[in-house]
1. Considering only residues that are buried (at least 17 other Cβ atoms within 10 Å of the Cβ) and of a type in the set (D, E, K, R), look in the stretch 71-104 and name the one that is nearest to Leu216 (Cα to Cα).
2. So, in the stretch 188-206, exactly how many residues are more than 22 Å from Pro60 (Cβ to Cβ) and in a helix (DSSP H, G or I)?
3. Please find, within the stretch 49-87, the residue that is nearest to Leu10 (Cα to Cα) out of those that are aromatic (Phe, Trp, Tyr) and touching a residue at least 60 places away in the same chain (Cβ under 8 Å).
4. Take the residues in the stretch 114-155 that are at pLDDT below 75 and of a type in the set (A, V, I, L, M); name whichever of them is nearest to Thr72 (Cα to Cα).
5. How many residues are of a type outside the set (Lys, Arg) and surrounded by 14 or more Cβ atoms within 10 Å (Cβ to Cβ) when one looks only at the stretch 55-70?
6. Any residue in the stretch 34-48 that is closer than 30 Å to Ser175 by Cα, surrounded by 15 or more Cβ atoms within 10 Å (Cβ to Cβ) and modelled with pLDDT of 85 or more?
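The values are calculated or read from the model by the stated rules, or taken from the named source; none is laboratory data. All figures in this text were calculated on a predicted structure; none of them were measured in a lab. All Cβ positions, glycine included, derive from the backbone under ideal geometry; neighbour counts span all protein chains shown.
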Amino acid sequence: MWRELMLIVLFYTGYTLTRIVLVKDGTGPAFAHAGDILHVERFLGIDVELGLNQTLLGVPWLARTANIFYATMHFIVTLGVVVWLYRYRPQDYRWLRTSIMVATGVALLGFWLYPLAPPRFLHSEGFVDPVTALHSLGLYASDASGSLTNQYAAMPSMHAGWALWCGFILVKLASQRWAKVLGAIYPATTVFVILSTANHYVLDAVAGVALIGGALALSWLVYMRYPEQIRDARYRIVQRMTQRSGRPAGRSRADSAPPGRASGSRI
């Protein structure tokens, strides 16, 4: 358990630090990309962010709640699901843990290659940041918190992606009906929050959901559907590499099972 917790802490710390240093070429490209995103959404007729933002600001107590939700639930719910998964569904833990790590790692490429200013920075378009407008608690409520993260890492939205990951697990693996209902509601609530608080665009959410969906499918194939084929392919690669280097090839413990016997979660 401690090894897994340390792995998660190290991974998230690396992810956060990497996001901070991925601001390149100033903020000009980020605002140019924001204009492109709005143009595409308007062409497709899915630019609902401004309407949701104005509606939320019309209900101050709901806006403050949304600000706190955005700042906290992304971390609390995800960590809670990880711990629950490890404790009560160990047979599914490894492939699901790997899926969210793979998706989050790939998301860093999006943050680097496509810096994107969130809608709350586009005051000329009519967007208003409910945190500053209501002097509310929020993820970027202080100058210190804003300077310690990359606020132009909006594409893809990992708020939407992580929420889908949590919802998928609860709907699929939870035994209580209320937990399954929460699993279905949580991703939808998160998408509403990230759009109405002007932190993300619709296309951000679509990209985050697609990324998590693809990572889940890939991880399931590797760990659950074709574990023996993946194990044998890995062994062949290691064998070729050792033959080229002149060292004798040897199987690891995970690869030592005889043909036809699945190594399962040892992968």
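1. Checking each candidate, the answer is Arg97.
2. Going through the stretch 188-206 one residue at a time, the tally reaches 6.
3. By that ranking, first place goes to Tyr86.
4. Only one residue tops the list, namely Leu139.
5. 10
6. no
Residue-by-condition table, conditions (1) under 12 Å from the mean Cα position of the chain (by Cα); (2) among the β-branched types (Val, Ile, Thr); (3) surrounded by fewer than 24 Cβ atoms within 10 Å (Cβ to Cβ); (4) over 21 Å from Glu49 (Cβ atoms):
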site: Ala160; (1), (2), (3), (4): yes, no, no, no
site: Ser175; (1), (2), (3), (4): no, no, yes, yes
site: Gly183; (1), (2), (3), (4): no, no, yes, yes
site: Tyr186; (1), (2), (3), (4): no, no, yes, no
